[in-house]
């Protein structure tokens, strides 16, 4: 049963709003003049304040109120959205997040400091050093200036508004907070007692509000009611004039631009028809707890296994009816599997968004201006994969900024501009996803890495190594070439963790670098963790699965190579491919098949052949992890269940390729 | 959740156990850790795994290690007989619950053993590693081994 705790709902919603606020503030840092962005940020704040108060997060509401008050000056155009202001606003946003997530351990001092800074900035830059106005009486903004001492309001709610939990009386109280009000109910809609629906609202109100109050302040009162209220607003002093067309605002969102006052009626009328809140797009999405999706995936996995057994049995039957039902179920379960996997796919953009803040903060702290560019945000990946990618990408981006990008002075001296460039890109490549982090920095220094590796005793001096092999030292635990240890990176902790995480996701990691022009770290990842396309092979009596994505080709083992032990190399179209005999690797018993096959697999740049007795064909492999007790087994990355109910092991290709094949064979022979 | 209940000895010193025979010895497993007892099913050998965990089996859609603890107690390997059963247990390994199928030559009964009948592990007269054994209990005329399953497996 999913939880419907309103507090949890508020937390989820607030988290989204805060994400939106952060993205908007970061955008604002780049485009400080955009009123649309300022409005979006303001709206997010306002909603957080309102729902925070509603759910009892009083500290959130109070802080956000002060934040909002200060930010209101920005909205009114009195204070420019400077870089400093954006930075402080980001801290304020972080504080709100802390208040929501862990209120007990969040000290109010932080909030006060942030607010002080914010107020200081706002006051310092305001042309009029007047005290920041409180929400109840903001000064009239230019444009929508209110010349009148009050308003006449017509308030007609939708009849079913009570069912949505809105209390019109509370809204009337909010109006009274703005200034003295005269509230007159319109009772003409109220029916006889017998016909009265106690859950429907039949009353409308006419209100005279006296006081120097802006239109926005009134509209803000109704911001949560949305289009369930028809609000007619008429300035009191215009009353005297002959019957002005009443302005109607259905939407309380602040107008995108300070409209010139004389023309105020026109945009307002427009608002009546169109719903202008940009985040109010109609979307039919359902929130589902992640655990339920995992459960669904498990069930589908079991279904696929059961279906495979059915197909196998049906294949032995002569009954056409059984065969056709089995085929039908095969088709259905394949579609169900694809749909289920599709549900779990999330655009990677949701992850990329988080790094903008990281880059922004790092670039500020390190004094290295950086342009952060993301590409392929719409690329979809399994959600578990996305969650687990977050930490490795943080490391890679940190490294790129800290080590990759040079100091602005050094960059300026070269042909590059002082501003560095980090590109985070994702794209689909076959059945894999390629995620890359590129910088336009100095590139890797192979000689320096090599020297460091020799110093650390990772490699004997003088060993011939390709550059690619040298870069692999970066992933060795405790390896760092940074001359100074900074707070961010240079401790050599991280890259080995990155490699481990990526390999844990059955992915691979490559480094490409051009001295002076930059470095690209590419991560190749499978689309999902749950099911892979596999190649089923037989070795002795055992059956094994190879990930099909790693398989390049299959060839017959030449007769001459069946017994020789001296040179385990194949000549495939002029290329020498070393091969491993899986029979000896797995200690298989019985007679080898007279027609052994070589499956050529690739991982990174390396190609290697695996000799099996038989190739059984493609297999939809539902991956089951191996038990913790088998953690010492590195040859296999997992297991799957075959059509006959037995388990088959999935060969860890990366491990086989990375390990020295000949050595392995020898080890196993010694054991045997 | 059921794991590590081996110490769940009742107030009266009684412990519910499943009695089983492995090789020539009788073992008592805390009934709380036993999930089910199944007939032998085909196992898949795992190359490179430790000798007492040499294969895996499919238990209700999950691939679990098949543990043959004979080797741990210095007993010779044996082939399955009509009485052979797989006892599926859940045991905490470094704090995480792990499901394992344990090969037993015969499963006898679920019974209670008395705390008072505990015998200290003899220092001589056995080549067993003492950490594999929690205690030895006298049951009727027989001595029954209460193994420390986590240590035996890991």
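Full extension of the chain between residue A:16 and residue A:454 yields a length gain of 152.8 nm, computed as 0.36 nm times the residue separation minus the alpha carbon distance.
Placing R0 at 25 angstrom, the Cβ-Cβ distance between residue B:129 and residue B:83 gives a FRET efficiency of 0.40 after rounding to 0.05. Could you run the Debye sum over the Cα atoms of the stretch A:510-552, one equal point scatterer each and no solvent, and tell me log10 of I(q)/I(0) at q = 0.17 Å⁻¹, two decimals? Log10 I(q)/I(0), no solvent term: -0.67.
Rounded to the nearest whole angstrom, the semi-axes of the ellipsoid equivalent to the stretch A:347-526, taken from the Cα gyration tensor as √(5λ), stand at 25, 22, 14, largest first. Fully extending the segment from residue A:631 to residue A:322, taken as 0.36 nm per residue of separation minus the present Cα-Cα distance, adds 107.0 nm.
For the stretch B:14-153, the alpha-carbon radius of gyration amounts to 1.02 times the rule-of-thumb value 2.2 N^0.38 Å expected for a compact globular protein.
Spacing of the modelled spin labels on residue A:33 and residue A:589, each 7 Å from Cα toward Cβ, amounts to 8.2 nm. Per-residue Cβ neighbour counts within 10 Å put A:341, A:54 in the sequence A:54, A:341, beginning with the fewest. For the pair residue A:187/residue A:296, report the inter-label distance in nm, with labels modelled 7 Å from Cα in the Cβ direction. With each label point 7 Å from Cα toward Cβ, the separation is 5.3 nm. Full extension of the chain segment joining residue A:199 with residue A:410 gains 68.9 nm, where the gain is 0.36 nm per residue of separation less the Cα-Cα distance.
Label positions at residue A:445 and residue A:176, each projected 7 Å from the Cα along the C-beta direction, are separated by 7.4 nm. A convex hull fitted around the alpha carbon atoms of the stretch A:1-60 yields 74 Å³ per residue.
The ranking of A:287, A:309, A:337 by Cβ neighbour count inside 10 Å, starting from the fewest, reads A:287, A:309, A:337. On the beta carbon distance between residue A:334 and residue A:644, with R0 = 25 Å, the FRET formula returns roughly 0.80. Overall dimensions of the stretch A:6-125, expressed as equivalent-ellipsoid semi-axes from the Cα gyration tensor (√(5λ), whole Å, largest first), are 23, 16, 12. Our Cα-only numbers for the stretch A:290-344 put the radius of gyration and Dmax at 13.0, 43 Å.
Taken together, the values in this text are just the output of simple stated rules run on the coordinates, not laboratory data. This structure is a prediction, so every number in the text was calculated from the model and none was measured. A quick note on method: Cβ atoms are made from the backbone with ideal geometry, for glycine too, and the neighbour counts reach across all protein chains shown.
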